[in-house]
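Enquirer: One structure, pasted below without further comment.
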Amino acid sequence: MRDQTPQGGRIINNGSISAHAPRPNSAAYTATKHAVTGLTKTAALDGRAYNIAVGQIDIGNAMTDLASRMAKGVPQAHGEVAIEPLMDADIVGQSVLYMANLPLEANVLFHTVMATKMPFVGRG
C-alpha cells in the first residue's frame, strides 16, 4: 500500500473483546489479542504518512463452530458455568463491510460487535 501508486488503502485487524476483558484460562489467546491491539495502534499511526487507514474489529460471541460451545455453557469469572447468547456471524460481515467502505479520510480505529446480552460489560 505504501509502494503503490496512488498510495493508500485500509487494513482491518481481527481483535477480540478478550483483549479488554479476558475469560478464565485464556492467557495465550488474550496475550495474542493484546498484541493485535498494539499492532493496530502502531500501524494506524505509521500508516498515516502513506494514506493507510488501520482499524480493528473486536468480535464477541458470533455463531461459528469455534463459538458454538457458548450455547452449551462456558466458565465465568466467578467460577460458575453459564450459557451465553450468540449473534449471527453475518453481523460481523456487515460490520467489516461498513469499515471497509469508509473513504480513506475516515477510520474506525476500534469497532466492538457482540451479542447484546453477552456478559462482556461487567465481566471479570
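The values are calculated or read from the model by the stated rules, or taken from the named source; none is laboratory data. Because the structure is a prediction, the values reported are computed rather than measured. Ideal geometry is used to build each Cβ from the backbone, glycine not excepted, and the neighbour counts take in all protein chains shown.
Enquirer: One residue is enough: does the range 75-89 have a residue meeting the conditions more than 18 Å from M118 (Cβ to Cβ) and exposed (fewer than 11 other Cβ atoms within 10 Å of the Cβ)?
Expert: yes
Enquirer: Starting from residues that are modelled with pLDDT under 95 and of a type in the set (G, A, S), keep the ones in the range 72-124 and report whichever is farthest from the chain's Cα centre (by Cα).
Expert: Filtering the range 72-124 for residues that are modelled with pLDDT under 95 and of a type in the set (G, A, S), the one farthest from the chain's Cα centre (by Cα) comes out as G79.
Enquirer: Filter the range 13-38 down to the residues that are assigned to a helix (DSSP H, G or I) and of a type in the set (D, E, K, R) and list them by number.
Expert: Within the range 13-38, just K33 meets the criteria.
Enquirer: Ok, one more. In the range 81-104, is there at least one residue being assigned to a helix (DSSP H, G or I) and in contact with a Leu (Cβ under 7 Å, 6 or more places away or on another chain)?
Expert: So far as the range 81-104 goes, no, none of its residues is assigned to a helix (DSSP H, G or I) and in contact with a Leu (Cβ under 7 Å, 6 or more places away or on another chain).
Enquirer: Right, next: Please count how many residues of the range 101-122 are of a type in the set (S, T, N, Q) and surrounded by 13 or more Cβ atoms within 10 Å (Cβ to Cβ).
Expert: The qualifying residues number 2.
Enquirer: Looking only at the range 15-44, count how many residues are surrounded by fewer than 13 Cβ atoms within 10 Å (Cβ to Cβ) and under 13 Å from V108 (Cα atoms).
Expert: The total comes to 0.
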